[in-house]
Amino acid sequence: MRLRLFLLALGAFALGTDSMVMAGILDGIADDLDVSVSAAGQLVTVFAVTYALLAPVLAALTAHWDRRRLLLTALAVFTAANALSALAPDYPLLMATRVLAAAGGALYTPTANAVATSLVPPERRGRAIATVMGGMTVATALGVPLGAWLADIGWRWTMWLVVALGAVAFGGLALLLRGLPAPTAAPGLRERLAPLRDRRVVAGAATTFSFFIAVNAVYIYLATAVRPATDGHQGRLTLILLATGLSSVAGSWLGGRLVDRVGARAVLFTGGTVMAVCFTTLPWLSMTMPGALAYALVSPMAAWAVAVALPHRLASIDPPSAPLLISLNSSALYLGVAAGGGGGSIAIALLGERWFPLASTALSLVALLLTATTVRRAGHGGRGARGGPVAASSTAAAAATAATDTASPAAAGPERAEV
């Protein structure tokens, strides 16, 4: 059981390394392919946007696929695409391989989250999601620094690292991942997209989008935000980034346990509030190394706890459509990542290098408001204002449906899968 969850997390680790390490090897790509750094940076944007747009569509189109076959297909596409990236002779071909890699990732992550929940009892589904997402957070702490170190030899070695990680995850899952519940007969694409007409679903996706713009508008420009503390010393910045990565891992682990214990709603409100406070105080914390390290330890922990709660909450709105809703959450997340760079740049231009984190404060408050609005509306539906369970019969039916349709966290029934 744990080994299979670890292998699912290893695939997420490969995907996380691939999506985040690019920012650290752009100079090498630009020099090797004779393009500008800004042009090389579009590789990151194209990956994120492609992932975001394809995730819900691919989830709908492959809903009838065997879950094991879908996971292995996704990893095969992702791994092959990164091998092609490592071999790409020019910029246009490299761009094409990044689109292909994003397609593999868009297939993999939502399916891995849903499969993880089928391997554990209902009361441990939050922790199962946290384990898979932990692969993404560990990538920030280990994969990205390792990939950047290999880039000193050549950026193509970083791509081969991702290929190796994807190949190991593929081999392990091919051997050990068997006996998964078969999906039910899949409805058409129009039926699959029907939940998007639910305002709660749209608000939930907008919440994810707002949270991740807020996080990435600061994270992408963290070196700028903490420059008073680092005084331009790379060693100090590396220490802050290491603290950020380790705290992200801890936040993902903690978030899974808190979602199972106190519910997704409480994690969203608490974590979102902590994030807003951290962004607000960063202009003062960044003046000293102890303050900057305090931010690096607290803010990512809250952010990744929220990241675990978001798909759990969104999927619980409509359990039978959980695979689509989890993929929609992934889309909103990656759109937030893509928009974070531009949002942070605009914030710096308008507010200056010291005060631009205040824009993330505003975005966090928007996300909290969206959360509160969605929760209040949900109180008029299946759950009361205090988040009590719906009628046992309807809950059991929803849980049974979702269990056969990739057994997502939304099949939680009376446990704390909150909207």
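For residue 2 and residue 351 in one chain, what is 0.36 nm times their gap in residues minus the Cα-Cα distance, to one decimal in nm?
120.9 nm
Starting with the highest mean, order 353-359, 258-264, 295-301 by the number of other Cβ atoms within 10 Å, averaged over the residues of each peptide.
295-301, 258-264, 353-359
On average, how much accessible surface per residue is there in the range 240-334, in Å², for a 1.4 Å probe, leaving out ligands, DNA and RNA?
30 Å²
Within the set of other residues whose C-beta is less than 13 Å from the C-beta of residue 229, count the net charge using Lys and Arg as +1 and Asp and Glu as -1.
+1
Extension gain residue 196-residue 266, at 0.36 nm per residue separation less the Cα-Cα distance, in nm?
Net length gain for the segment: 22.8 nm.
Radius of gyration and Dmax for the range 245-343's Cα atoms, expressed in Å?
Expressed in Å, the Cα Rg and Dmax of the range 245-343 come to 14.8, 50.
Using packing as a proxy for protection, rank 50-62, 238-250 so that the peptide with the highest average count of other Cβ atoms within 10 Å comes first.
50-62, 238-250
Testing the spin-label approximation: label points 7 Å from Cα along Cα→Cβ at residue 175 and residue 288. State their distance in nm.
Spacing of the two 7 Å Cα→Cβ label points: 5.2 nm.
How far apart, in nm, are two points set 7 Å out from the Cα along the Cα-to-Cβ line at residue 42 and at residue 373?
Roughly 3.4 nm, to one decimal.
Applying 1/(1 + (r/R0)^6) with R0 = 22 Å to the Cβ-Cβ distance of residue 27 and residue 233, what FRET efficiency is obtained, to the nearest 0.05?
Details: r = 19 Å, r/R0 = 0.87.
In this case the efficiency is close to 0.70.
Points 7 angstrom from Cα along the Cβ direction at residue 61 and residue 96: gap in nanometres?
1.8 nm
The values are calculated or read from the model by the stated rules, or taken from the named source; none is laboratory data. Since we're looking at a predicted model, the values are computed, not measured. Every residue, glycine as well, gets a Cβ built from its backbone with ideal geometry; the counts of neighbours run over all protein chains shown. Heavy atoms of the whole protein, side chains included, go into the accessibility calculation; ligands, DNA and RNA do not. Shrake-Rupley method; radii C 1.70, N 1.55, O 1.52, S 1.80 Å.
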